[in-house]
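J.: Pasting a structure below so you can have a look.
The values are calculated or read from the model by the stated rules, or taken from the named source; none is laboratory data. On a predicted model such as this, the values are computed, not experimentally measured, just so you know. Note that each Cβ is placed from the backbone with ideal geometry, even for glycine, and that neighbours are counted across all protein chains shown. Calculation scope for accessible area: heavy atoms of the full protein, side chains included, ligands and nucleic acids excluded. Shrake-Rupley method; radii C 1.70, N 1.55, O 1.52, S 1.80 Å.
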Amino acid sequence: LGEVAIFLIIVLSGWFLTKKKKWKGVLTLGIGGIKGISLALGMFLIVLNLYIFIDRKINTPREPNVILIIIDTLRQDHLGCYGYAIKNISPNIDKLSQDAILFKNAIANASWTMASVMSIFTAQYPALLGFDKDISFPKIGNKFLTLATIFKENNYKTKGIVSVFLFSPDTGFNQGFDSYDIENARVPISSPSVTEKAISFLKKYKNNKFFLFLHYYDPHADYLLHQPY
């Protein structure tokens, strides 16, 4: 409909501006006719650009918000969506999986937290990131583009809430985050604390484009005790 409207406007504008000129071929057009065509072309370009601008504003789908949740050492074989049926211990994850893509096979790039998560965030192998030993603590340099940085460069609000010192700013892991919450990280914070901070962020920025990274440490040794369980 927009293209049809543009075509009609061009035809009517051209007819109006050149109606007093007789067309005798391009070579015999008078100055007035040339001016008329120029005005018609100018109007066409203005209307076309306005149409494209308005169409993009109305019809372009909004870029999605992204929440990345990493649960340290959570066992796949103890989640209902992967076949665990002894107890209903993961109802929310199971519900989410029903309307999602569920990967049956996944291979970590490293056997421990820092190296593995850094690989996820940079799409680089641990050896390239500086993990040349079983346990080492290299710093992400500016030469490595992180997931958070990519989102920030695309005008996303970026927030990180982590629960262990392995992701402290000293490692450069906060690169690309507008705000990075790692309070009391030497003593891993428990799920309620991470979740409460995440909910607070979502309430504040629900109308913004955002990338939210959450890291839970509860299943990891030493095991944190939750009284209800």
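J.: Can you report the number of residues in region 31-40 which are modelled with pLDDT of 65 or more and farther than 12 Å from Ile9 by Cβ?
T.: Quick first cut of region 31-40, residues modelled with pLDDT of 65 or more only: 36-40.
Checking the rest, the ones that are also farther than 12 Å from Ile9 by Cβ come to 36-39.
Counting residues in region 31-40 that are modelled with pLDDT of 65 or more and farther than 12 Å from Ile9 by Cβ gives 4.
J.: Right, another one. Name the single residue that is farthest from Ile150 (Cα to Cα) among those in region 169-183 being of a type in the set (S, T, N, Q) and open to solvent by 20 Å² or more (accessible area, probe 1.4 Å).
T.: First pass over region 169-183, keeping only residues of a type in the set (S, T, N, Q): 171, 174-175, 179.
Restricting the remaining residues to those that are open to solvent by 20 Å² or more (accessible area, probe 1.4 Å) gives 174-175, 179.
On the way: Asn174: 13, Gln175: 10, Ser179: 15 Å.
Here the answer is Ser179.
J.: Answer yes or no as to whether Thr146 is at pLDDT 90 or above and buried (at least 16 other Cβ atoms within 10 Å of the Cβ).
T.: Details: at pLDDT 90 or above: yes; buried (at least 16 other Cβ atoms within 10 Å of the Cβ): yes.
Yes; evaluated as a whole, the condition is true for this residue.
J.: Since Lys197 meets every condition but one in (1) assigned to a helix (DSSP H, G or I); (2) open to solvent by 60 Å² or more (accessible area, probe 1.4 Å); (3) in contact (Cβ under 8 Å) with a residue 24 or more places away in the chain, which condition does it not meet?
T.: Status for Lys197: all satisfied but (2).
Table: residues versus (1) modelled with pLDDT of 90 or more; (2) loosely packed, with under 12 Cβ neighbours inside 10 Å; (3) under 30 Å from Asn207 (Cα atoms).
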residue	(1), (2), (3)
Leu45	no, yes, no
Pro61	no, yes, yes
Pro64	yes, yes, yes
Ile69	yes, no, yes
Leu79	yes, no, no
Leu96	yes, no, yes
Ser111	no, yes, no
Gly130	no, no, no
Pro138	no, no, no
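J.: Another question, if that's okay. Would a scan of region 140-161 turn up a residue that is among the hydrophobic types (A, V, I, L, M, F, W, C), free of Cβ contacts under 8 Å to residues at least 24 places away in the same chain, under 25 Å from Tyr180 (Cβ atoms) and not in a loop (DSSP other than H, G, I, E, B)?
T.: Looking for residues that are among the hydrophobic types (A, V, I, L, M, F, W, C), free of Cβ contacts under 8 Å to residues at least 24 places away in the same chain, under 25 Å from Tyr180 (Cβ atoms) and not in a loop (DSSP other than H, G, I, E, B), one finds none in region 140-161, hence no.
J.: Can you name the condition, by its number, that Phe16 falls short on among (1) at pLDDT below 75; (2) within 30 Å of Lys203 (Cβ to Cβ)?
T.: (2)
Here is a yes/no grid of residues against (1) over 21 Å from the mean Cα position of the chain (by Cα); (2) more than 22 Å from Phe167 (Cα to Cα); (3) among the charged types (D, E, K, R):
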| residue | (1), (2), (3) |
| --- | --- |
| Leu74 | yes, no, no |
| Asn92 | yes, yes, no |
| Val117 | no, no, no |
| Phe121 | no, no, no |
| Asp132 | yes, no, yes |
